[in-house]
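Chemist: Below you will find the structure I want to go over with you.
The values are calculated or read from the model by the stated rules, or taken from the named source; none is laboratory data. Nothing here was measured: the structure is a model prediction, and the numbers come from that model. Methodologically, a virtual Cβ is constructed for each residue, glycine included, from the backbone with ideal geometry; neighbour enumeration extends over all protein chains shown. Quick note on the areas: whole protein, heavy atoms, side chains included, nothing else; ligands and nucleic acids left out. Shrake-Rupley method; radii C 1.70, N 1.55, O 1.52, S 1.80 Å.
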Amino acid sequence: QVQLIESGGGLVQAGGSLRLSCEASGGTFSSYVMGWFRQGPGNERDFVATISRFGATTSYADSVKGRFTVSRDNAKNMAYLQMNSLQPEDTAVYYCAADRNWINGPRWRPDYWGQGTQVTVAS
């Protein structure tokens, strides 16, 4: 069973950038599809992005396409979310997630979750 720990959240001005990291342990990292979700104040947890086991395929929510980039380093058991051109509406707790199965887009329902990291974008 894989354990996930996120880091890299914080406070940033609108238009700025942040890079979130997700460290995985307890499993064979390359066996897992990795992804990111977020939950803003008063909102449900929403899909952000996924990346396939060896990084060949990615999928993004429409709201982040062209601004966010998901990546992974299987040698380091790490996944990343590079977030550029951040806007106040991106303010949320961001969760790293993992699952053995790939489903394209927001229908992906991962089994494993991190604790989340807060991202706050000031206007």
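Chemist: With point charges of +1 on the Cβ of Lys and Arg and -1 on the Cβ of Asp and Glu, referenced to the Cα centre of the chain, which listed residue (Ser7, Gln39, Asn74) lies farthest in the positive direction of the dipole?
Modeler: Comparing the listed Cα positions along the dipole, Asn74 ranks first.
Chemist: Just to confirm, what accessible area per residue do you get for the stretch 1-105 at 1.4 Å probe, in whole Å²?
Modeler: 47 Å²
Chemist: Based on DSSP, what percent of beta bridges with both residues in the chain are antiparallel, to the nearest 5?
Modeler: Counting DSSP beta bridges with both partners in the chain, the antiparallel share is about 90 percent.
Chemist: Sticking with this structure for a sec: Roughly how compact is the stretch 1-65, stated as its Cα Rg over 2.2 N^0.38 Å to two decimals?
Modeler: Computed over Cα atoms of the stretch 1-65, the ratio equals 1.25.
Chemist: To the nearest 20 debye, what is the magnitude of the charge dipole of the chain about its Cα centre, counting +1 on the Cβ of each Lys and Arg and -1 on the Cβ of each Asp and Glu?
Modeler: The dipole magnitude comes to about 260 debye.
Chemist: Taking the Cα centre of the stretch 20-72 as the origin, how large is its charge dipole in debye, to the nearest 20, when only Lys and Arg (+1) and Asp and Glu (-1) carry charge on their Cβ atoms?
Modeler: In debye, rounded to 20, the stretch 20-72 gives about 120.
Chemist: Now for a different question. Based on the mean of other Cβ atoms within 10 Å per residue, sort peptides 35-45, 87-97, 19-29 so the most packed one is first.
Modeler: The densest-packed peptide leads the list: 87-97, 19-29, 35-45.
Chemist: What part of the accessible area of the stretch 64-123, given as a whole %, is carbon or sulfur when the probe is 1.4 angstrom?
Modeler: Carbon and sulfur together cover 44 percent of it.
Chemist: Then there is this: Would you kindly derive the ³J(HN,Hα) couplings of the stretch 44-55 from the backbone phi angles with the Karplus curve 6.51 cos²θ - 1.76 cosθ + 1.60 (θ = phi - 60°), listing them in order in whole Hz, with x for Gly and Pro?
Modeler: Calculated HN-Hα couplings, in order: 6, 6, 10, 5, 10, 6, 9, 9, 6, 4, 10, x Hz.
Chemist: Which whole-percent values make up P(r) of the stretch 55-123 when all C-alpha to C-alpha distances are grouped in 10 Å steps starting at zero?
Modeler: Distribution as computed: 16, 51, 30, 3 percent.
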